[in-house]
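Everything on this sheet refers to the single structure shown next.
The values are calculated or read from the model by the stated rules, or taken from the named source; none is laboratory data. Remember, predicted model here, so these are calculated numbers, not experimental data. No Cβ is skipped: glycine too gets one built from the backbone with ideal geometry, and neighbour counts run over all protein chains shown. Only protein heavy atoms, including side chains, enter the accessible area calculation; ligands, DNA and RNA are left aside. Shrake-Rupley method; radii C 1.70, N 1.55, O 1.52, S 1.80 Å.
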Amino acid sequence: RETYADAVKPSVCPFCGVGCQTEVSVKGNDIIKVDGRQGPANRGKLCVKGRFGMDYVMSPERLTRPLIRRSDVPKDAHARMTFSDISDVFREASWEEAMALAAGGFNTVRDRDGGHAIAGFGSAKGTNEEAYLFQKYIRQGFGTNNVDHCTRLCHASSVAALMEGVGSGAVSAPFTAADDSDCIMVIGARPEQNHPVAATYLKQAAKRGANLMVFDPRRQGLMRHATHPVVFKPGTDVPMLNAMIHTIIFEKLYDIQYIQANTEGFEALKEKVKDFSPEAMAEMCGVEAEYLRELARTFARSSKSIIFWGMGISQHVHGTDNARCLIALSLITGQIGRPGTGLHPLRGQNNVQGASDAGLIPMVYPNYKSVEDPDIRGKYEDAWGRSLDPAKGLTVVEIMGEVEAGNIKAMYVQGENPAMSDPDQNHARKALATLEHLVVQDIFLTETAWFADVILPASAQPEKPGTYTNSNRQVQLALPVRQPPGEARQDWEIMVDMARRSGLDWNYSGVGEVYTEMAAHMSSLDNISWNRLEREGMVCYPAKTEDGPGEEIIFYSGFPTESGRAKLVPTDLVPPDELPDDAFPMVLTTGRMLEHWHTGAMTRRATHLNAQESEAVVSMHPKDIGRRGLTRGQQVVVETRRGEVTLTLRADRDVTQGMLFIPFCFVEAPANFLTNPQLDPFGKIPEFKFSAARIRSA
Ligand code: SF4
């Protein structure tokens, strides 16, 4: 390898929340090879995305100069978006002209309409420092808390339930804790596709004899390794999990000593689940009563049980209730706070944990401190020298609604792609097209950037320094391994420039100084200095001392709640917002695939990955295909009450009869033209996982 490469440099994978450490072979400015390092999360392993997906950074479609929309080109919500059309819509500009227009547009709206007419979407793919600066710019510069990011679309409901239940939104144990577990429950997650290296620990545990319970409305590869595969009806998580809780309580399998010492609300939970016997819930869930009892007994009787969950839990109108059930399962059995036990919502993007911790959320400052608390707000007002908004800001989907209503007139979007990721795209794209001023800062001309007034070319992850916090709470420092192309700039430098042009006195000598300011506001980063990260590369938070290892397992003794106890929250039946009917008889669910990451902005431009999965597909059970007189491989139209897309029909026995599955990465057939924007009332997350749909030949 060394013969070919000019250098081999340490880095971190930019894709998923596993946070694999990499070593990147570079020749000139090209990445020619990526290997796994012995990081705490990956132990030398990488998946196909980390190993073969990095050539997106060398794509000829990278943005290299600032772009300004041509004044005679209207924003058309349904415009064909191909890279070759770029010069018809935008003209190249100098950084000076583009920045003056970008910041000037926000200043005009602020001075004319007030700061609440402005909103920002930051990024879960950027660094912690970028997330901190982005929320600070929106809050300090415009006096509004209208700042959010894609956590709203993935684990907002999990975080709402965790904050309420155990006082912390992060995982209680890393996925490597599976090494010590006797029973592993995976629900609403497909780690083989979305967290492949984490999946290896689950398979290894099953191999050495641990019980592996895999719950999913679609069959999946991990079920081949499972002792207990559970295919249940979509949208029935609460009745199924409450039936397990019922079994544990009424068969007296709970840990009374743990409950009495550490929790509150047990009697109310017991009363609520009385009516949720497995026998009463079995038909609704599509799982036999005796099997539900066996699952509950296995989880409760194992000496060390752990729960992993994903967006199959969180992306429902009852997403917070789903997570509340999982928390209750863990607490009543005392399966938390010890090695091999715990709660782990598998984080999607590489830095969704860190971006959330850094305050890229409309309700909270860094470290989840409420914007409505006058004492906390006062501290930030003193530190930042401005009066700040005393009310919670709007969330992602709410912001789009207010844009459409004409109340939000300007948006700053850094490294996010709402024109692909938001539900009900007909509305989301119309909203983007009505904005008076849209600034997009990104590495590609994303579908969102087509609606922009100004596009600022930014740096890809291997081109900039900064910290990322993975699903395991491990804060990792990554340094640049190549130069950004053309005139593209570092994101943090762009934001500092924007802030100065909006009248803020920002003077940072480098990313380290930003980190140090951020860490001073975040007790979670106590004892994790920039110098220490430069020395050690990774430290897990919380860290009790300046040189000791961080705590991978938390909640050994008590919880960071007001009472020091965890809260058991009873849940009720809440049906999906839109049930199938005669007109729309099927259930559509959306998600990711192994080869493509989220909206596909990076992986559709990664040669090898896109070669594997290059075509927009809808997956359907072969019996459903035959029953409807369709043929696999043909073009079909999938339709919901919000829109339709045309794609190729794929036969897939893993998809339960009556269901359709579409990945949301294909711009040719955006799945989110179809999805339901109805929100979970607590986490404000849309119901991506359940829409009534129909299918026909194209
Ligand atoms: Fe990257 Fe995630 Fe794959 Fe690891 S598991 S190589 S972090 S995409």
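Some observations on this one:
- Scanning the range 237-265 for residues that are farther than 13 Å from residue 329 by Cβ and among the hydrophobic types (A, V, I, L, M, F, W, C) yields 250, 256, 261.
- Of all residues in the range 132-162, those satisfying the criterion of being open to solvent by less than 10 Å² (accessible area, probe 1.4 Å) and in a loop (DSSP other than H, G, I, E, B) are 144, 145, 146, 149, 155.
- Among the criteria (1) under 29 Å from residue 54 (Cβ atoms); (2) in a loop (DSSP other than H, G, I, E, B), the one residue 631 does not fulfil is (1).
- Of the residues making up the range 502-523, those that are outside any helix (DSSP H, G or I) and closer than 23 Å to residue 550 by Cα number 2.
- Residues in the range 343-374 that are open to solvent by 10 Å² or more (accessible area, probe 1.4 Å), of a type in the set (S, T, N, Q) and more than 14 Å from the ligand (Cβ to nearest atom): 367, 370.
- Condition broken by residue 176, with the remaining ones in (1) more than 27 Å from residue 421 (Cα to Cα); (2) among the β-branched types (Val, Ile, Thr); (3) part of a loop (DSSP other than H, G, I, E, B) satisfied: (3)
- All positions within the range 122-146 that are under 30 Å from residue 571 (Cβ atoms) and in contact with a Lys or Arg (Cβ under 8 Å, 6 or more places away or on another chain): 145
- Residue in the range 291-311 that is open to solvent by 20 Å² or more (accessible area, probe 1.4 Å), over 30 Å from residue 213 (Cα atoms) and in a helix (DSSP H, G or I) present: no
- Members of the range 485-501 that are closer than 23 Å to residue 53 by Cα, touching a residue at least 60 places away in the same chain (Cβ under 8 Å) and not in a helix (DSSP H, G or I): 485, 486, 488, 489
- The C-beta contact set for the range 40-54 (first residue within 10 Å of residue 606 (Cβ to Cβ), second residue near the ligand (Cβ under 7 Å from one of its atoms) and at pLDDT 95 or above, distance under 6 angstrom, 6+ apart or interchain) comprises 49/15.
- Residue in the range 53-74 that is within 12 Å of the ligand (Cβ to nearest atom), within 30 Å of the chain's Cα centre (by Cα) and buried (at least 16 other Cβ atoms within 10 Å of the Cβ) present: yes
- Residue in the range 180-192 that is outside any loop (DSSP other than H, G, I, E, B), surrounded by 24 or more Cβ atoms within 10 Å (Cβ to Cβ) and either of a type in the set (Lys, Arg) or at pLDDT below 95 (or both) present: no
- Number of positions in the range 457-483 that are acidic (Asp, Glu) and either over 23 Å from residue 62 (Cα atoms) or buried (at least 24 other Cβ atoms within 10 Å of the Cβ) (or both): 0
- Scanning the range 18-42 for residues that are touching a Ser or Thr at 6+ places or on another chain (Cβ under 8 Å) and within 7 Å of the ligand (Cβ to nearest atom), we see that the one that is farthest from residue 204 (Cα to Cα) is 19.
- Test: residue in the range 544-559 that is aliphatic (A, V, I, L, M), out of contact with any strand residue (DSSP E or B) (no Cβ under 8 Å at 6 or more places or on another chain) and open to solvent by 40 Å² or more (accessible area, probe 1.4 Å): no
- Scanning the range 11-37 for residues that are of a type in the set (A, V, I, L, M), in contact with a helix residue (DSSP H, G or I) (Cβ under 7 Å, 6 or more places away or on another chain) and within 18 Å of residue 607 (Cβ to Cβ) returns 24, 31, 34.
- Reported count of residues in the range 421-430, each being closer than 13 Å to residue 451 by Cβ and surrounded by fewer than 24 Cβ atoms within 10 Å (Cβ to Cβ), is 1.
- Checked against the criterion of being in a helix (DSSP H, G or I) and surrounded by fewer than 24 Cβ atoms within 10 Å (Cβ to Cβ), the range 318-326 contains not a single residue that satisfies it.
- Residue in the range 112-131 that is nearest to the chain's Cα centre (by Cα), counting only those that are part of a loop (DSSP other than H, G, I, E, B) and under 30 Å from residue 512 (Cβ atoms): 124
- The C-beta contact set for the range 81-103 (first residue more than 11 Å from residue 498 (Cα to Cα), second residue basic (Lys, Arg) and crowded, with 17+ Cβ neighbours inside 10 Å, distance under 6 angstrom, 6+ apart or interchain) comprises 90/69; 92/65.
- For the range 440-454, the count of residues that are in contact with a helix residue (DSSP H, G or I) (Cβ under 9 Å, 6 or more places away or on another chain), open to solvent by 30 Å² or more (accessible area, probe 1.4 Å) and either part of a helix (DSSP H, G or I) or more than 30 Å from residue 91 (Cβ to Cβ) (or both) is zero.
- Filter pass, residue 45 being open to solvent by 40 Å² or more (accessible area, probe 1.4 Å), under 30 Å from residue 553 (Cα atoms), within 16 Å of the ligand (Cβ to nearest atom) and in contact with a helix residue (DSSP H, G or I) (Cβ under 7 Å, 6 or more places away or on another chain): yes
- Condition met for residue 8 (within 16 Å of the ligand (Cβ to nearest atom), modelled with pLDDT of 95 or more, surrounded by fewer than 18 Cβ atoms within 10 Å (Cβ to Cβ) and within 22 Å of residue 606 (Cα to Cα)): no
- Residue among 199, 226 that alone is without any contact (Cβ under 8 Å) to a residue 60 or more places away in the chain, surrounded by fewer than 23 Cβ atoms within 10 Å (Cβ to Cβ) and in contact with a helix residue (DSSP H, G or I) (Cβ under 9 Å, 6 or more places away or on another chain): 226
- All positions within the range 590-631 that are among the charged types (D, E, K, R) and within 16 Å of the ligand (Cβ to nearest atom): 592, 595, 604, 605, 613
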